[in-house]
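What follows is a single structure, written as structure tokens, with notes after it.
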Amino acid sequence: MTRALYPFQLDPLLLTALTEDLGQAGDLTTDAVVGAGDRARGRFHFRHPGRVAGMAVVRRTFALLDDAVTVTVHHDDGTDVAAGTCVATVEGPARAVLTGERVALNLLARLSAIATTTAKAVALAAPHGCRIACTRKTTPGLRGLEKHAVRVGGGTNHRFGLDDGVLIKDNHIVVAGGVGPALTRARDTLGHMVKIEVEVDTLDQLDEVLALGLADAVLLDNMGPDTLREAVRRVDRRLTTEASGGITFANLEAVAATGVDLVSLGFLTHSVPALDIGLDFEVV
């Protein structure tokens, strides 16, 4: 079960998005055209098949504008729906419904796209006992929501930021003067509760990591299936193995079949096209 998103997590982001849209003068078009007492009902329809993610965002967007607006969810996060499915109905004061339309749709379409894409990746990797993870290649300001969408899609989250996990990457290794100095400094500095992952590009680097015995996980970067399979053999379950770099839907299953524990995919969050979702209105 995917954990809930709380209002205190959503409100800063949604208030920023609504302020961006409304500015100082508010919704000029709606306020000029729609009467203060008018009511409306809108239905969120998926125009293509997909997995729903972002219903908490939809609810909270309209609640921030007017608590008289009600959102009835027909298919909550994690549900796979066919094209044409009505996933939620929003009803209430027409001005608030119209004003919140774009913010709600933008976020629902993006999060559902991430969940849908993640679910596809998970389906390819799962038969091989391999999990799918996201990365920090997220939209600035939306990381928490986008990582939630990955979980809705059945994926797992990599670190949320630089402060909740250690990943020694190639540039750290260059600046530190090698794999050995980088790992040694990290282990000497960090507390016992902090795990360390280190990125390697070659099997020679991997052997150095294994000899030191200081890492908890290894990121196998831009390696082909044959090299990954040999890397997994050498690790022999002593470390968590993660494959990353150059992985697409075309080669994902072959990578997962090498025996790696995880495959991390930046495209889950940095380049998915928004799902096509419409909000169709009727007067109440």
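The values are calculated or read from the model by the stated rules, or taken from the named source; none is laboratory data. Every value quoted in this text rests on a predicted model; they were computed, and no experiment measured them. Because the Cβ atoms are built from the backbone with ideal geometry, glycine has one as well, and the counts that use them run over all protein chains shown. All accessible areas refer to the heavy atoms of the entire protein, side chains included, with ligands and DNA or RNA removed. Shrake-Rupley method; radii C 1.70, N 1.55, O 1.52, S 1.80 Å.
Residues that are among the hydroxyl-bearing types (Ser, Thr, Tyr), touching a Gly at 6+ places or on another chain (Cβ under 8 Å) and in contact (Cβ under 8 Å) with a residue 40 or more places away in the chain: does region 46-66 have at least one?
Yes, that holds for at least one residue.
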>> Going by what's in this entry, would residue 121 be described as within 19 Å of residue 48 (Cβ to Cβ) and either open to solvent by less than 20 Å² (accessible area, probe 1.4 Å) or among the small types (Gly, Ala, Ser) (or both)?
In response: yes
> Taking region 1-28 as the search range and keeping residues that are in a loop (DSSP other than H, G, I, E, B) and among the small types (Gly, Ala, Ser), which one is farthest from residue 142 (Cα to Cα)?
Replying inline: 25
> Restricting the first residue to region 142-163 and requiring it to be assigned to a helix (DSSP H, G or I), which pairs with a second residue that is among the basic types (Lys, Arg) meet a Cβ separation below 9 Å and a spacing of at least six or different chains?
Replying inline: 143/136; 145/110; 146/110; 148/3; 149/51; 149/110; 151/3; 152/51
> Of all residues in region 180-196 being under 30 Å from the mean Cα position of the chain (by Cα) and under 11 Å from residue 215 (Cα atoms), which is surrounded by the most Cβ atoms within 10 Å (Cβ to Cβ)?
Replying inline: 183
